[in-house]
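Take a look at the structure set out below.
The values are calculated or read from the model by the stated rules, or taken from the named source; none is laboratory data. Everything numeric in this text was worked out from a predicted model, so none of it was measured. When we count neighbours, we look across all protein chains shown, and the Cβ atoms used for this are built from the backbone with ideal geometry, even at glycine.
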């Protein structure tokens, strides 16, 4: 359920307990309250969740921090209602209602009774804790097939979230940087060197200075929205309906009314830190495919680095609160690791273009997806696929079949011009791009290579080859996909005149792993 480390920490002097909730906590922890079901408790600095049977009851602690105020019964009611309202956007099957804890005439406590209200709960549906994405990742069981649906789920949240021009922007990121620096100095002084904190802070502020105009433009243009705010793997669970986000932040708009790409960056950083690079790249490209937000690409180094620094700070805070033992040692090591990652994420990485061409059925898209995490800065290359660009130009869903009139030479020229333009935007933002298309005409290949020349970045062209029998088999067996290439198209392509192919020719009859290894050598 909630994250025991948290996104932001208070100073040691800023925590205040305001009411005694011991009788409510004892009541909710009693199996008799829940029809005899055993009760499991999950505690954080701001709440306690009681799991019993099929139900979960979330009680907000009577505390006031410098960033969170649950100090009165009325405040807790408002925050419970805010949590329900915000999280039902993304997890309607998990969040049921806000219900009171009441004291009845006989003095006993009840859930949704008729007596005086003494506290409030968020009533939720219980789920299997082993279905949390952080637990799946920890045991190497996080299905890569869930990543594209996860990216699309995040994009849906961002698309429907309320724009907030009064929040976010450069001031918000400056606040994040300063908060990370002060938190590290307070809680990690005996874990990391002051020079390392200063080095990260100086680099982050320098990057912020470069990014400020873009951040402010995005704020004005509606890219700052009421987002999730705490979007890491522990706040994602796989349910029958697919990957589901939950436990977004309702108690502090400075944490949740943020740039949509900064919201996503927490998830990408969490995946990358666990060396789940293919997973991170798949989420990134699925999100981009839904929102078409290439303007966010140049901001990723700052956003990802700040998210890693947040984790360094919260890990140090948790370590300070732990007794001596393995848990404290692990948290101190995490502090080191996260701060080092935050520094690496700000280091410039070379942009480049890789193009993968070949007739339909040679496995271009499979190779592109596998290759993308290895190209450019974190979280790997942006995928630009001609099939998806064509569908976007026609204003249809990627899985919608287009007829022959969508594949005329004139239309294809527009498609490849758009592909080149998008690749240029990505590399101008300092990131890598992998272009995936047939690229049968010399002018199509030249246009893509020319973008690399214009941008002063390396270019690698890969041409996949396979006999018609293999290509036919793959086209027939392919599942739902943006490609409209069927057996008829594959046979027709056999007569194409491609001209002189100067790109690296790769044997596409090999296994995907073998083909990837060969492609990486060409880079």
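Do the conditions hold for residue 507, that is, is it free of Cβ contacts under 8 Å to residues at least 60 places away in the same chain, farther than 30 Å from residue 395 by Cβ and loosely packed, with under 13 Cβ neighbours inside 10 Å? It is true that residue 507 is free of Cβ contacts under 8 Å to residues at least 60 places away in the same chain, farther than 30 Å from residue 395 by Cβ and loosely packed, with under 13 Cβ neighbours inside 10 Å. Yes or no: region 401-419 includes at least one residue that is over 25 Å from residue 502 (Cα atoms), within 22 Å of the chain's Cα centre (by Cα) and not assigned by TED's automatic domain parsing to the domain that holds residue 261. No, every residue in region 401-419 fails to be over 25 Å from residue 502 (Cα atoms), within 22 Å of the chain's Cα centre (by Cα) and not assigned by TED's automatic domain parsing to the domain that holds residue 261. Which condition from (1) surrounded by fewer than 23 Cβ atoms within 10 Å (Cβ to Cβ); (2) outside the structural domain of residue 301 (by TED's automatic domain parsing); (3) in a helix (DSSP H, G or I) is the one that residue 340 breaks? Every listed condition holds for residue 340 apart from (2). Restricted to region 223-328, the set of helices (runs of 4 or more DSSP H) holding at least 2 residues that are touching a strand residue (DSSP E or B) at 6+ places or on another chain (Cβ under 8 Å) comprises 253-256, 260-273, 277-291. Determine, yes or no, whether residue 497 is assigned to a helix (DSSP H, G or I), over 22 Å from residue 376 (Cα atoms), out of contact with any helix residue (DSSP H, G or I) (no Cβ under 8 Å at 6 or more places or on another chain) and without any contact (Cβ under 8 Å) to a residue 60 or more places away in the chain. When the stated conditions are applied, residue 497 does not pass them.
Could you check region 144-165 and list, in sequence order, the residues that are loosely packed, with under 13 Cβ neighbours inside 10 Å and without any contact (Cβ under 8 Å) to a residue 60 or more places away in the chain? Show your work before the answer.
Just the residues of region 144-165 that are loosely packed, with under 13 Cβ neighbours inside 10 Å, to begin with: 144-145, 159-160, 162.
If the condition is that a residue be loosely packed, with under 13 Cβ neighbours inside 10 Å and without any contact (Cβ under 8 Å) to a residue 60 or more places away in the chain, then 145 is the only one that fits.
The numbered conditions (1) modelled with pLDDT under 95; (2) in a helix (DSSP H, G or I) are all true for residue 421 except (1).
Assess whether residue 351 counts as being assigned to a loop (DSSP other than H, G, I, E, B), closer than 18 Å to residue 522 by Cβ and at pLDDT 95 or above.
Yes: the conditions hold for residue 351.
Among the residues of region 85-114, those that are outside any strand (DSSP E or B), under 21 Å from residue 156 (Cβ atoms) and in contact with a strand residue (DSSP E or B) (Cβ under 8 Å, 6 or more places away or on another chain) comprise 86, 87, 88, 90, 91, 93, 94. One residue alone among 76, 108, 85 is touching a residue at least 24 places away in the same chain (Cβ under 8 Å) and over 27 Å from the mean Cα position of the chain (by Cα), and that residue is 76.
In this entry, residue 179 passes the filter for residues that are buried (at least 17 other Cβ atoms within 10 Å of the Cβ) and at pLDDT below 95.
Among the residues making up region 480-493, a single one is farther than 22 Å from residue 395 by Cα and surrounded by fewer than 11 Cβ atoms within 10 Å (Cβ to Cβ): 488.
Consider residue 352 carefully, then state whether it is closer than 30 Å to residue 471 by Cβ and in contact with a strand residue (DSSP E or B) (Cβ under 8 Å, 6 or more places away or on another chain). Spelling it out, residue 352 is indeed closer than 30 Å to residue 471 by Cβ and in contact with a strand residue (DSSP E or B) (Cβ under 8 Å, 6 or more places away or on another chain).
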